Amino acid sequence: MIRIIGAGFSGLSLAYHFVKRGYAVTLIEKSNRVGGVIQSSRQNQMLVESAANGFLASEKIEELFADIGVKPLETRTESRKKYIFRGRLRRWPLSFSETIILIGRLAWAVVTGRRKPQAYETLHAWAQRVLGNAGDVYLIQPMVNGIFAEKTNLLNAQLVLGALFYKKKKKSKRGLLSAAGGMDEVMQKIKDYLVSHNVRIEFEKDPFLDESILQHNTFLATNFQTAYSVLCHSSLLNTVSKTDGLRSLSLVRVTLNFKKVTDEIDGFGVLFPNVENFNAIGVLANTKIFEHRGEYNESWIFSNSTQPHLLSWSDEQIKDKISLDRQRLFKSVFEIKDMTVHRWPDVIPSYNHDLKQFLDEHSSLTQNITGNFLGVLGLTGIHERNAALVEKYMRTEKASGLQSAHPEKNREKI
C-alpha cells in the first residue's frame, strides 16, 4: 500500500502514476477537497482560475488527459503574442544594438564553454555575464518573474535554469493545455479516475499525528514548509540541517472584467521588468489564452518579492494599484466591473542558494517527496518528475526485496 500525504496536483499526479503501475494507493488530505491551490469557478460572466491557467503540453500530460477523459483545450492563436513592457508594450524589448550585443555575448559564452552557470552563481550574475545588462534586466528578470516570482539576484542560476529546461517529451500539441471547465475540471477528473481504480481518499485528516508517517511507502505531497518541518522534526530524518534562508513567496492573483474598456491585451499577457516599477509582476489576458473563459477578463499577479506587504492590502487597495498599472499600459478609459482576489501565502519556494544547498545535501530524502521545490517548477515538470519517482521506487523495491507482490501482474487494463 502506497500512502501519499496531500491531494493537491502533486499528490494526485503521483497517485495516478502509482495506479498506472498497479499499486494500491491511499491519499490523505487535510482539507475537504482535492486540487490544493487550483480552483476554478464561474462568476460574473468569467471563468476564474485561482492559480495555474494550464499545463505545458507534453507526452505524459496528453496521456493523462486521455486516461481521465478530458478533451484537451488548446490555446488560441492570439495567445502566441506575448509582451514585455519597456516604455510601451513590446514583443521584443531590446534595441537593435542590445540584441547584437546579446547574440555576441551568448555566442562567445558557448564557444568558450562559459555558458553554464557556475556553482552557487546567482541568476543575475549569470545573465549579466552571458547575456549582458539588457538581457538580464529586460528579458531574464521579467521571464523569471512570471515563473519564479523572485528577483534574479536572489535566485540560484543552476536551480532556475535546470527547472526551466527540465526534460519534457513533446508530442502532437504545443503551448498550454487545459479543459473547457478550467483547471478544476482536470483535478476532479483525476480524482474520479483514481477512485474508479480503488484509490482511497481520506479527507480532513491530519496524518502527522501518526508517528510512523515517514516510512518507505509514504510520500509527502505537501507545500515546502510542511515537508521541511516534517523532515526536521522526524526522528528518522534528524540529520536535516536547518537553514534560515529557506523561504517561500506569497502571491496574489486578481481576476477582473470591465464595465467599459476600450483597449484589450491582444495576446497571452504582459510581463513587467522590475526596473519599470509596476505594482504587479505581470498580467494575463485569460480570454485570449483559452476559449470558454467568458467575457474579456484579465488576471493580475503580485508577488511579495517586489511588494512585501501585499497580503495586508485590502481589495480596494489592490484595485487602485491595478488601475494605476493599467493606465500605464493604455491611456484609454476603463472601468472595472467585477473583481475576484485569491491570496496565497507562502505558495511558491524561493529558488535561492539555500534551497540549492538543501537539495544537494539531502538528495536521498527527497526520493519520498514531490512538489514544486525539488528542481522542477510547473505542473508538467512535477508530473514528469513523479513518473520518474515511481520508476525509481519500483527499482529500489525490486533491489531490496521489499516488494511483496508484482503489481504489474495484477494491474487492470487502464
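Of Leu214, Leu236, all but one fail to be at pLDDT below 90, assigned to a loop (DSSP other than H, G, I, E, B), open to solvent by 40 Å² or more (accessible area, probe 1.4 Å) and aliphatic (A, V, I, L, M); the exception is Leu236. Taking the range 270-302 as the range and being of a type in the set (Gly, Ala, Ser) and over 17 Å from the mean Cα position of the chain (by Cα) as the test, the residues that pass are Ala280, Ala285, Gly294.
Results for (1) in a strand (DSSP E or B); (2) open to solvent by 30 Å² or more (accessible area, probe 1.4 Å); (3) modelled with pLDDT of 95 or more; (4) more than 30 Å from Gln357 (Cα to Cα), shown as yes or no for each residue.
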residue	(1), (2), (3), (4)
Gly162	no, yes, no, no
Lys170	no, yes, no, yes
Met187	no, no, yes, yes
Ile201	yes, yes, yes, yes
Phe219	yes, no, no, no
Tyr228	no, yes, no, no
Gly245	no, no, no, no
Leu251	yes, yes, yes, no
Ile265	no, no, yes, yes
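Conditions tested, residue by residue: (1) out of contact with any Ser or Thr (no Cβ under 6 Å at 6 or more places or on another chain); (2) under 30 Å from Asp192 (Cα atoms); (3) without any contact (Cβ under 8 Å) to a residue 60 or more places away in the chain; (4) among the charged types (D, E, K, R).
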{"position": "Ala52", "(1), (2), (3), (4)": "yes, yes, no, no"}
{"position": "Ile61", "(1), (2), (3), (4)": "no, yes, no, no"}
{"position": "Phe65", "(1), (2), (3), (4)": "yes, yes, no, no"}
{"position": "Lys71", "(1), (2), (3), (4)": "yes, yes, no, yes"}
{"position": "Arg86", "(1), (2), (3), (4)": "yes, no, no, yes"}
{"position": "Ala119", "(1), (2), (3), (4)": "yes, no, yes, no"}
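Residues Arg105, Arg80: which one is basic (Lys, Arg) and free of Cβ contacts under 8 Å to residues at least 60 places away in the same chain? Result of the check over Arg105, Arg80: Arg105.
Yes or no: the range 323-343 includes at least one residue that is open to solvent by 10 Å² or more (accessible area, probe 1.4 Å), touching a helix residue (DSSP H, G or I) at 6+ places or on another chain (Cβ under 9 Å) and in a loop (DSSP other than H, G, I, E, B).
No, the range 323-343 contains no residue that is open to solvent by 10 Å² or more (accessible area, probe 1.4 Å), touching a helix residue (DSSP H, G or I) at 6+ places or on another chain (Cβ under 9 Å) and in a loop (DSSP other than H, G, I, E, B).
Scan the range 113-134 residue by residue and report those that are open to solvent by less than 60 Å² (accessible area, probe 1.4 Å) and at pLDDT 95 or above. Answer for the range 113-134, where residues must be open to solvent by less than 60 Å² (accessible area, probe 1.4 Å) and at pLDDT 95 or above: Glu121, Thr122, Leu123, Ala125, Trp126, Ala127, Gln128, Arg129, Val130, Leu131, Gly132, Ala134.
Against the numbered list (1) modelled with pLDDT of 90 or more; (2) open to solvent by 30 Å² or more (accessible area, probe 1.4 Å), Leu194 comes up short only at (2). Checking each residue in the range 55-89 for being open to solvent by 10 Å² or more (accessible area, probe 1.4 Å), under 15 Å from Lys288 (Cα atoms) and in contact with a helix residue (DSSP H, G or I) (Cβ under 7 Å, 6 or more places away or on another chain) picks out Thr75, Arg76, Glu78. Of everything in the range 349-391 that is among the charged types (D, E, K, R) and within 19 Å of Arg3 (Cα to Cα), the residue that is most open to solvent (accessible area, probe 1.4 Å) is Glu391. Do we have Asp346 as open to solvent by 20 Å² or more (accessible area, probe 1.4 Å), at pLDDT 90 or above and under 18 Å from the mean Cα position of the chain (by Cα) here? Yes.
The values are calculated or read from the model by the stated rules, or taken from the named source; none is laboratory data. Bear in mind that the values here come from a model prediction, so they are computed numbers and not experimental data. Cβ coordinates were reconstructed from backbone atoms using ideal geometry, including for glycine residues, and neighbour counts include every protein chain displayed. Each accessible area value is taken on the protein alone, full model and side chains, heavy atoms only, with ligands, DNA and RNA left out. Shrake-Rupley method; radii C 1.70, N 1.55, O 1.52, S 1.80 Å.
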